[in-house]
Structures are given as structure tokens and as C-alpha cells.
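The values are calculated or read from the model by the stated rules, or taken from the named source; none is laboratory data. These figures come from a predicted structure and were not determined experimentally. In this analysis, Cβ positions are derived from the backbone assuming ideal geometry, glycine residues included, and neighbour counts consider all displayed protein chains. Protein only, heavy atoms only, side chains kept; ligands, DNA and RNA dropped before computing areas. Shrake-Rupley method; radii C 1.70, N 1.55, O 1.52, S 1.80 Å.
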Amino acid sequence: MSDTTNKRSVVGLYSFPKSGNTWLRAVIAGATGMPMGPGVMQKYVTDTHFGKAMENPWSFQGTDWYFYKSHHAQLLTTDQNDPLVTDKVVHIYRHPLDVFMSYLNFVSRNVSPKAGKALPFQFDKVEDLTPEQLETLFAIFVEHATLVPQNKVFANVFTHVANFRKLGDEQLPTYQIRYEDLYDNFEGVVSGMCDFLGLENVDMNTVYRTADRRTKQNGKFFWKRQKENFRNFLTDEQVTRFVTRWGHEMAALGYDTV
């Protein structure tokens, strides 16, 4: 839905996988008055891994918005071989151990068995993992801060955040959101994002309600939208081992290292 008299704004929504990007997309959809319904988010807040970013603008408050999602660790400069110029970036990150647990859910046969083929073995759901299996996968994450170190395009949790902090400091207007802050202070964080994007008079109650409805449409994919879910699965020794390896990077992101 486009108006030829409108100005144009291209906004990239970036994150490391399983850091809250789909929740962020649902928030954007609610903040800009997009309708509910199947296919709406992919059409107007396009996941670039499955579609073209610059195809379907959403007209809102005098602007044709092109929102797109990416897990790439560097700003995209092409859109399926066409040049892509991004005006602003919103980047979301999450506690790395919750990223680990959420990623395990994603690659389970219960959700996305094709993605799980990159791991040493496959499993039906996280709750079925034996302690030995969980430790095997956790050891990969401790060493690399990603479960798929061969994927250089997405990099790892910490490199991803650092890249977009640097982008915001040196090159492009960037608004970074910590998942836990969005969870604890939804209105404050979303209001700040709307100010950053130039959205006016956004009803936060409506945004929260519609974002919640959109993300509950697929409970398997979203699994457990909560903070520190990792403590329900990892031992204290495992958490300590990760903090020992990555404590400096965790502290830089505002996470507890004790």
C-alpha cells in the first residue's frame, strides 16, 4: 500500500538468530497500524531470507515504509541483486544463554528439522535432550558463542552486537534494544523506538496487544518468551563456564557475570 506523494524510509531490523526479531517485527506492525492476518508481516516487514525487501511499502503517517528483517552480521547493501540503501537500523539482542536455549528449540524436529541438520545430532524437542546431549551442544556454544560456527554470515552473538554498535557510532542511525528491557519496560522501549523512527501518537496498549496476538499465533516457534529461561535447563557449572569464557563481552551488554 503506497502513496506516490509520500516520502520513503527504509528500516532494517537486525539481530542474531533467536534474539527477538520476530517479536520486534510484530511490534513494528502494531506501531504502524498493519492489519492482522496471514502473510502481513512477511509482505510489509519482510524477512529477507525469504523475500525481497523493497517490494511492498506500507504507507503510514505520510511515509512509505520499507521494513525488512535480517540476521546478517553486516548491513545489507543488496536486495536480491538490486542495490539496497538503508536509512535507519533497529537492532535487538538478548542474553546469550537464552539465545542458546531458544535456538535449540528452533532446530528441534518439533519446529524446524531442516535447520537441525547442521548440528551433530537431531532431537524432537529440548525437553527430550539427555544431560550428555545438552552438554555436547552447549560445549559448541561455549567455544564459539554460536551453535553454527561455520555460518560466518551471521557471525556469533557478541560479534553481531558489536558490529551494529559500531555502525550506530560511526555510520548510520541505529537504535539498539535489549530483549530484557523490552520485556520489563515495553512502553518505554517502544516509545523510544517510535521517536527514533519518527512515528507519532502511537497507542502503546494497541501495540502490545496486537504484537502479543501475532506472536502467539505460533507457540512452537516462540516457545518461552521470558527472561533467563536458560536457568531451567543449564546447571550452575555450565553457566559459570560460559561466563568465565565470555564474561567481558557479557558485561559490555549489561548482563550479570556473577
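Between 0 and 90 degrees, rounded to the nearest ten: what's the tilt of helix 204-215 against the longest Cα principal axis of the chain? Rounded to the nearest ten degrees, it is 60.
Specify the residue with the greatest mean-square fluctuation among S59, S70, S15, computed from a Gaussian network of the chain linking alpha-carbon atoms under 10 Å apart. Checking each option, the largest mean-square fluctuation is seen for S59.
Given a cut-off of 28 Å, name the pairs among K125/K227; K7/K227; K114/K166; K52/K117; K117/K166; K166/K216 whose C-alpha atoms lie farther apart than that in the structure shown. Table pairs above 28 Å Cα-Cα are K7/K227; K114/K166; K117/K166; K166/K216.
With all protein chains kept in place, the per residue accessible area of the chain amounts to 48 square angstrom at a probe of 1.4 angstrom.
Computed about its Cα centre, the charge dipole of the chain is approximately 620 debye, with only Lys, Arg, Asp and Glu carrying charge at their Cβ. For the chain, the share of DSSP beta bridges that are antiparallel, to the nearest 5, is 20%. Residue farthest toward the positive end of the dipole of segment 7-113, with Cβ of Lys/Arg at +1 and Asp/Glu at -1: which of A26, N110, G62? Of the options given, the answer is N110.
Under a model in which nothing but the beta-carbon of Lys, Arg (+1) and Asp, Glu (-1) is charged, segment 147-243 shows a dipole of about 600 debye around its Cα centre. Taking the accessible area of the chain, probe 1.4 Å, and keeping the other protein chains in place, the carbon and sulfur fraction comes to 48%. Taking every protein chain into account, the 1.4 Å probe leaves M36 with about 60 Å² of accessible area, to the nearest ten.
Summarising the amide proton neighbourhood of Y175: residues at separation of 5 or more, or on other chains, whose placed amide H is nearer than 5 Å comprise V89, V90, H91. Cross-link partners for K69 among the aspartates and glutamates, with Cα-Cα distance under 17 Å and sequence neighbours closer than 8 places in the same chain left out: D47, E55, D79, D82, D87. Sequentially through segment 242-258, phi angles give Karplus couplings (6.51, -1.76, 1.60; θ = phi - 60°) of 5, 5, 4, 6, 10, x, 4, 5, 5, 4, 5, 9, x, 9, 5, 10, 10 Hz, Gly and Pro residues having no value and appearing as x.
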